[in-house]
Amino acid sequence: MATESTMEHSIPLDILDDLSSRFIINVPEEERKDLIRICFQIELAHWFYLDFYCTEENKHLKTCGMKDFAAHTFNHIPFLRVHSKNLTEILDKWREYKQSVPTYGAIVLNEDMSQVLLVQSYWSRSSWGFPKGKVNEEEDPSHCAVREVLEETGFDINKLIDHNEFIESVINEQTVRLYIVSGVQSDTKFEPRTRNEIKSVEWFSVADLPSSKKDATPRAKFGVGPNAFFMVVPFIKRLKRWIFEKQQKRAQNSRGHRHKSVGDVDFNQPKNKRQQFASAIQAEMQEFEALRQQHQKQGTTSPPRNILRKQEGNNRGSGHKPNFKRQLFTGQAAVSSTEEEKQRINRHQLHTTANTALTNQVHGITTNNANSHKNEFHFSAPSWLGFKFDRKAIMACLDY
């Protein structure tokens, strides 16, 4: 019976020769004494056997576990044959050492960080976990994470990984570090590069993943118990906290950018108005200068505004308000009122004549008695006779 069982799971000698030459025979002589090191090489040979020999075309070859494959290898290679009787003890030490080797991988999130990428092992079909693997000798942790994610999902996170963004935990005395990578498109096609190792790669809602072994959400959402995510549970609470902090930071940056944009608009708007105002002032000054020169050529002594005042004065008649007060008294009261009115008109005409004379004196214009009668209603304030716009001062005020 033992012979039949051995024949049922036996590996052809030519395949063992090929695997031995690929992974074990070429190991340096000084490292052959380290059986733990040899077990790692046997594990690589085992994966190669499952990936490239146990295919649909070779249905006569049967798959086997690591223990059976190691037994075939120890019995086939001469320098290992002497240790075959201690194979169980050697494998136990190897597994114990494997647990002490750090494992690195990645938590891959979609664009809005609502979904996370999980992989399902080929041998543990009921469990899901993050893409990760053991670090090679003298390999950088982040490089190990990139390599493992690429092998198990077919997606390269090299340009997305941040060496300072990770969650680290110790599980069964083994250090597990997972780098957080966000911004991966949800419609990305994942194709594992390893054969017979990863069965499925799928997105899961972060909110539906269990944060403890007693969480019943997975059974309601996915039809499986929380034990199916036992390798995910230790990271979920910290992952949700990390996502919350990142979302808060993004919201603050978005508000700050919006306020900054509004401030830029508010600053530019007065600047444009100042430029328009400066242009209007220059146009006004040029127009005023042209009018002044035109009036000087025509011999006009009063500014344009005084011409308008003159017209208003002509429209009002004598330039004084009519007396609408009812004449309640007659006799001397009426006579005195008439005299006071005449005196007021005379004072007004005298003041107008003085202003006209002063204006003519400043502009160097002489008038005769005939012209003085025409200009007696040209009103002009003496304080405005020497008025000029200080262009430099005005432009200096606007240039800030």
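A short reminder: the numbers here are calculations on the coordinates, not readings from a lab. Only a predicted model underlies this, so the values are computations on that prediction, with no experimental measurement involved. As a convention, Cβ positions derive from the backbone with ideal geometry for all residues, glycine included, and neighbour counts pool all protein chains shown.
Once the C-beta distance of Lys221 and Lys189 is scaled by a Förster radius of 30 Å, the resulting FRET efficiency is 0.80 to the nearest 0.05. Of Cys39, Cys397, Cys54, the sequence from fewest to most neighbouring Cβ atoms within 10 angstrom is Cys397, Cys54, Cys39.
Panel order for Ser182, Ser114, by other beta carbons found within 10 Å of each beta carbon, from fewest to most: Ser114, Ser182.
Fewest neighbouring Cβ atoms within 10 Å first, the residues His163, His60, His143, His46 line up as His60, His163, His143, His46.
Approximating the spin labels as points 7 Å out from Cα along Cα→Cβ, the Ile15-to-Gln293 distance works out to 10.7 nm.
Taking all Cα pairs closer than 8 Å and separated by 6 or more residues, the relative contact order of segment 1-106 comes to 28 percent. For segment 1-151, a Kirkwood hydrodynamic radius built from all Cα pairs, placed in the Stokes-Einstein relation at 25 °C and 0.890 mPa s, yields a translational diffusion coefficient of 139 µm²/s.
Spacing of the modelled spin labels on Ser212 and His163, each 7 Å from Cα toward Cβ, amounts to 3.8 nm. Here, segment 72-192 has an Rg and a Dmax of 17.6, 58 Å when only alpha carbons are counted. Relative contact order of segment 96-194: what whole-number percent is it, with Cα pairs under 8 angstrom and at least 6 residues apart? Computed over segment 96-194, the figure is 37 percent.
Taking 7 Å steps out from each Cα toward its Cβ at Asn26 and Ser254 produces label points 5.4 nm apart. Maximal additional length on extending the Gln286-Glu151 stretch stands at 40.7 nm, based on 0.36 nm per residue less the C-alpha distance.
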